[in-house]
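The values are calculated or read from the model by the stated rules, or taken from the named source; none is laboratory data. Just so we're clear, the structure is a prediction, and the values are computed from it rather than from any experiment. Note that each Cβ is placed from the backbone with ideal geometry, even for glycine, and that neighbours are counted across all protein chains shown. Side chains are part of the model used for accessible areas, which takes the heavy atoms of the whole protein and leaves out ligands, DNA and RNA. Shrake-Rupley method; radii C 1.70, N 1.55, O 1.52, S 1.80 Å.
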Amino acid sequence: MPRLGEAQIGDELKSLIGWEYLDNSLRKLFRFKEFMDGIRFIARVAEMAEAADHHPDMHINYTRVTFTCSTHSEGGVTDKDVRLAQQIEQAFASQTG
């Protein structure tokens, strides 16, 4: 799967509110009320990622969880990362909404 150019990534970020392009990856920090809310969210994302065979980096800092999406084999962001970021957003909206 080919790596996306910066213009393509910029276009995709218009619909991924709060996500940023940094160090050849898509990244977003999510905040939760309680520690276990973040842990449950990570479990949901892990199931989605495993089903897609595309795994984000996940960093837990108490009630804050950061996801970083990049296709390592391509050295940057591909459509797989955009789709995963969209799925993470949908999961977050359904958990908090």
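What to note about this one:
- Members of segment 36-69 that are surrounded by fewer than 16 Cβ atoms within 10 Å (Cβ to Cβ) and assigned to a loop (DSSP other than H, G, I, E, B): 53, 55, 62, 63
- Only one of the numbered conditions (1) touching a His at 6+ places or on another chain (Cβ under 8 Å); (2) open to solvent by 20 Å² or more (accessible area, probe 1.4 Å); (3) part of a helix (DSSP H, G or I) is not met by residue 84, and that is (2).
- Residues that are among the acidic types (Asp, Glu) and either modelled with pLDDT under 95 or in a loop (DSSP other than H, G, I, E, B) (or both) were ranked within segment 7-35; the one that is nearest to residue 67 (Cα to Cα) is 23.
- Against the list (1) open to solvent by 80 Å² or more (accessible area, probe 1.4 Å); (2) touching a residue at least 24 places away in the same chain (Cβ under 8 Å), the condition residue 76 fails is (1).
- When we screen 12, 89 for residues that are acidic (Asp, Glu) and in contact with a helix residue (DSSP H, G or I) (Cβ under 9 Å, 6 or more places away or on another chain), the only hit is 12.
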